[in-house]
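Inspection log for the structure reproduced underneath, given as C-alpha cells.
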Amino acid sequence: MKIHVMGSDQRIVRCARVSFDKDQQVDQERDKKLIKYLLEHKHASPFEHIIIAFEGDKKLWLEMLSNLPSPAVQVYYSAGFIWTNLRNYINAKELLPEELETVLREKLPATWAIIEGLEPKAYSLDQEYVKEKHETSSGWIGLVDALELGTDMDYYTFVVECPLFVARQWHRHRFGSYNEVSRRYVSYEPDFYLPAYLRRQAKSNKQASVEEPVEEPWNSLFLKKIRWYIEDLQQLYRAMVEKEVAKELARGVLPQFMKTRFYWTVPRVSLDNFITLRTHEGAQKEIREFAQAILKMVGYRGSDKKLRL
Ligand SMILES: Cc1cc2nc3c(=O)[nH]c(=O)nc-3n(C[C@H](O)[C@H](O)[C@H](O)COP(=O)(O)OP(=O)(O)OC[C@H]3O[C@@H](n4cnc5c(N)ncnc54)[C@H](O)[C@@H]3O)c2cc1C
C-alpha cells in the first residue's frame, strides 16, 4: 500500500509557535515538551497540518465513514487515495490501516513516541522554512510544503504575512486549517501596510476600488494622517502594555492595516476555489495579488468547477 505523509515533528511545532511569533525557532527539547503539552491540553489544530494519504478504494472509505466515532472526524476519498490529517488519525486510529503506524513512526518520531506515552528521542525537522516565496504589495506568501498525487485532495501548506483585513477575507475559506499569531501572547512592535496611494471607490461595484488615486491634496493628506494615527496608536499600545494592560485588550487599538502571520494547509479543491474567487476582478486588490502568487507557485487545476455552488 502506498502511504504518504506531509509534515514533520517541527511542522506541528511551527504551527503552534506561530501564536508566539516563534515559528522559526528550533529547540528540540522544548519542542518535544510543547508537542506533549498540545496533546495533553487538546490544543489540536497544529496537528491538522500533518496530512496523511494512503491507497484505498471507495468501499474501504465508506466502511470507515460508517464507523466514525463522531461526525467531527473528517476522512476524504479522491482518485484512489484516502485522505485525512493527524488530528483525525488520532481520533479514529482503530479504523485506519495498521501499516500507517510504521510510516508515522518514521516521519514523526517525537510525536509518535508522545502519542504512545514514551519518552521521545528522535525529532524530525523541516528541510527549509519556505520552498518558494513571493512578495505582494501588502505582504508575502511562502510555500512550505506540498503533497501532490494528482487528486482533488492534494494538499499544500503556506505561510502568509498580510494585513488584518486580508486575513479576515482569507479565513472565510473554511475548507483547510489555520494557525495564526496571537496578539494575546505577543507584544512585539507590529508592522503595518501602507498602500502606495489611496484607491478610489468603484462606481459600478459597491465593494470594489479602481486603480486610480483619489484626487490631491486628499490622497497625500489622508496618507499622512494614516501614518500619524498609526504612530500615535502604536505609542498608546506600547504605553498600555508597559502599564500592564492585558495584551488581549491593548491590541484593540491596533488598526486593520496591521500585519498578521498565519499557516494555511489547504486541499487542492479548496485552493482552486480560492484562486477562482480571489483572482476575480471583484476581489480586493490586496488578496488578488496573493491569489496570483499562489497561481504562480502551484498552478490552477479547475477542481472547483465540479461544484455547482
Ligand atoms: C468578492 C467577494 C466578496 C465577498 N463578500 C462577502 C461579504 O460581504 N460578507 C461575507 O460574509 N462574506 C463575503 N465573501 C466571502 C464568501 O461568502 C465566502 O465565504 C468565501 O469566498 C469562501 O468561499 P467558500 O465558502 O466557497 O469556501 P470554503 O469555505 O473554503 O468552502 C469550500 C467549499 O466547501 C463547501 N462548503 C464549505 N462549507 C460548507 C457548508 N457549511 N455548507 C455547504 N458547503 C460547504 C462548498 O462547496 C465550498 O465551495 C466574499 C467573497 C468574495 C470572493
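Listed by chain and number, the aspartates and glutamates whose C-alpha is less than 13 Å from the C-alpha of K22, apart from same-chain residues fewer than 8 away, are D31, E180. Working note: 222 nm ellipticity from helices only, DSSP H runs with n ≥ 4, each -39,500 (n - 2.57), summed and divided by the residues of the chain, gives -11000 deg cm²/dmol to the nearest 500. By the rule of a C-alpha distance below 30 Å, with chain neighbours fewer than 8 residues away ignored, the lysines paired with K206 are K224, K225, K259, K285, K296, K305, K306.
Across the chain, the mean sequence separation of Cα contacts (distance under 8 Å, 6 or more residues apart), normalised by length, yields a relative contact order of 20 percent. Does the range 3-115 classify as rounded, prolate or oblate by the C-alpha gyration tensor (a ≥ b ≥ c root eigenvalues; a/c under 1.5 gives rounded; else a/b over b/c gives prolate, otherwise oblate)? The shape class here is prolate. Sequence-distant contacts, meaning Cα pairs under 8 Å at least 6 residues apart, place the relative contact order of the range 188-309 at 22 percent.
In terms of the mean number of neighbouring beta-carbon atoms within 10 Å, the peptides 226-235, 186-195 order highest first as 186-195, 226-235.
Shape class for the range 128-309, computed from the alpha carbon gyration tensor (a ≥ b ≥ c): oblate, with a/c not under 1.5 and a/b at or below b/c. The H on the amide N of N85, modeled in the peptide plane, is under 5 Å from the matching H of I52, each at least 5 residues off or on a different chain. A full extension of the chain between S187 and K247 corresponds to an added length of 20.9 nm, given 0.36 nm per residue minus the alpha carbon distance.
Looking at the square roots a ≥ b ≥ c of the eigenvalues of the Cα gyration tensor of the chain, which shape do they give, rounded for a/c under 1.5, prolate if a/b is larger than b/c, or oblate? Since a/c reaches 1.5 but b/c is at least a/b, the shape of the chain is classed as oblate.
No lab work stands behind these numbers, since they all come straight from the coordinates. Quantities reported herein were computed from a predicted structural model and do not represent experimental measurements. In this analysis, Cβ positions are derived from the backbone assuming ideal geometry, glycine residues included, and neighbour counts consider all displayed protein chains.
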